[in-house]
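Asker: Before I ask anything, let me first share the structure, which is written out below as structure tokens.
The values are calculated or read from the model by the stated rules, or taken from the named source; none is laboratory data. Predicted, not measured: the structure shown is a model, and the values here were computed from it. Positions of Cβ are backbone-derived with ideal geometry, glycine not excepted, and every protein chain shown enters the neighbour counts.
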Amino acid sequence: MAEIDQAKLWYQTNLDIFLNRWFSNYDDARKALREHGGFLLPYRHHFYVCKAEVIKALGLDPDDPDWEAIGFDCARPKDQEAFARLKAKRGRIVGAADESSS
């Protein structure tokens, strides 16, 4: 299986229909997560905070207990094992999408 493009792991172009809060630095993104809730995800050198609908669009379950375990933060997850499980689930989705488009 080919290496998953990390830029695609937590973002995909069809997410443009959602209104996400974008940040150029982690501290501002983390503050927004604390104040408004959601899910903090990295994209290249930026960060965005999104709602559960985006997580569903990524093919993941927003109610998965691993989200709470990582503090809803994929940039600096609290629990590395929980993060590894989420990352593996997302990797399978991205891998399957890449295979179907080739």
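Asker: With a cut-off of at least 3 residues that are buried (at least 19 other Cβ atoms within 10 Å of the Cβ) and of a type outside the set (Phe, Trp, Tyr), name the strands (runs of 3 or more DSSP E) lying wholly within the range 1-74.
Answerer: So the answer is 39-43.
Asker: Also, I was wondering about something else. Given the condition in contact with an Asp or Glu (Cβ under 9 Å, 6 or more places away or on another chain), aromatic (Phe, Trp, Tyr) and modelled with pLDDT of 95 or more, answer yes or no: does some residue in the range 68-75 qualify?
Answerer: No - not one qualifying residue is present in the range 68-75.
Asker: For the subset of the range 76-90 comprising residues that are in a helix (DSSP H, G or I) and buried (at least 17 other Cβ atoms within 10 Å of the Cβ), which member is farthest from the chain's Cα centre (by Cα)?
Answerer: Result: Ala82.
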